[in-house]
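The values are calculated or read from the model by the stated rules, or taken from the named source; none is laboratory data. A quick note: this is a predicted structure, and the numbers were derived from the prediction, not measured. For neighbour counting, all protein chains shown are included, and Cβ atoms are generated from backbone atoms with ideal geometry for every residue, glycine included.
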């Protein structure tokens, strides 16, 4: 992968500058996730609030110098979100914006649905959430238990979702549900969370606390008929296919988030152990080179997804970046002394956040299985 061009270099530099604001508020947000509401005027948060709105629906796409970025390109997302995560992963994921739901709506929504959804993203900072994972079923779309049924002339959602970022903050949710048995019976809908029957509450968590990962209970929540996504598409392209496409597209982004955490830990130990010598210095330098090499893999994977939609190489990038984030944060603790975590609360937060990224968009074992399928099919070179 060659070095980023002028557009991406400008984007990286600006994101790195904005990320300093994230870092300054990281520990406070970790203690009180509701402080995100006091951070809406931060330039980086404003940028993220419309990052992912397609240019056709953006009144004014986010600009960096002479360049504009709508966040629909995987390589752009990887570049900017690595820098934001290096500032603070919690703030990055807590920011309002279209996020994962925006990717789904762009793939499944008809023109009217896209105008409705993205118009709300550009009108004011708006939180969204992506509700697929269920208790006892995980993110296996084929095993969904949440149902979408017609009752008394209305479409109603009944079921439960878990481990949903911003669930209790979101004004709009994209929810996967089942209309009938079988793989073609899965569909996704746009839900206004002010609908009666939607209940969300945060779960206690050690890492990524800013995102207020939560659980949702759907007790007959009413869904407008014109908010069923993919109504203009064949059943084969509405549910399971859509979830796989969203995960493929966003997998390099998750890898970039993990890489940002690794980079933050590496920068932290370099700053606080500037006098490292011998084996310690070599260990720090090797970690830096591995971060650079993994960045090249993440960018290559993002470019592959942009070009073909295949997520196999992205699985390799996600697995490697998450492993590196955990290794780098723990190595930083070892290098700084046995009491590093209580003495360095920001580093302690990085350790907790690194572990959390492992569980986003599939754990390492899932990524290895996906990569194996790519190798076996010949879609990824050995």
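Taken together, the residues in region 107-121 that are more than 18 Å from residue 224 (Cα to Cα) and modelled with pLDDT of 95 or more amount to 1. Condition test on residue 156, is it touching a residue at least 12 places away in the same chain (Cβ under 8 Å), over 21 Å from residue 211 (Cα atoms), outside the structural domain of residue 91 (by TED's automatic domain parsing) and in contact with a helix residue (DSSP H, G or I) (Cβ under 6 Å, 6 or more places away or on another chain)? No. From the list 274, 256, 221, 200, the one residue that fits, being in contact (Cβ under 8 Å) with a residue 24 or more places away in the chain, at negative phi and assigned by TED's automatic domain parsing to the domain that holds residue 332, is 256. All of 302, 267 fail the test of being buried (at least 24 other Cβ atoms within 10 Å of the Cβ), at negative phi, part of a helix (DSSP H, G or I) and touching a residue at least 60 places away in the same chain (Cβ under 8 Å), apart from 302.
For every residue, the table says whether it meets (1) within 20 Å of residue 135 (Cα to Cα); (2) surrounded by 18 or more Cβ atoms within 10 Å (Cβ to Cβ); (3) modelled with pLDDT of 95 or more.
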site	(1), (2), (3)
157	yes, yes, yes
161	yes, yes, yes
167	yes, yes, yes
189	yes, yes, yes
194	no, no, yes
201	yes, no, yes
212	yes, yes, yes
216	yes, yes, yes
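Here residue 306 meets each of (1) more than 22 Å from residue 92 (Cβ to Cβ); (2) modelled with pLDDT under 95 with one exception, condition (1).
In a helix (DSSP H, G or I) and at pLDDT below 95, is that true of residue 29? In short, no. Does region 97-110 include one or more residues that are touching a residue at least 60 places away in the same chain (Cβ under 8 Å), out of contact with any helix residue (DSSP H, G or I) (no Cβ under 8 Å at 6 or more places or on another chain) and surrounded by fewer than 24 Cβ atoms within 10 Å (Cβ to Cβ)? Yes; the residues of region 97-110 include at least one that is touching a residue at least 60 places away in the same chain (Cβ under 8 Å), out of contact with any helix residue (DSSP H, G or I) (no Cβ under 8 Å at 6 or more places or on another chain) and surrounded by fewer than 24 Cβ atoms within 10 Å (Cβ to Cβ).
When you look at residue 176, is it crowded, with 20+ Cβ neighbours inside 10 Å and either without any contact (Cβ under 8 Å) to a residue 40 or more places away in the chain or outside any strand (DSSP E or B) (or both), yes or no? No.
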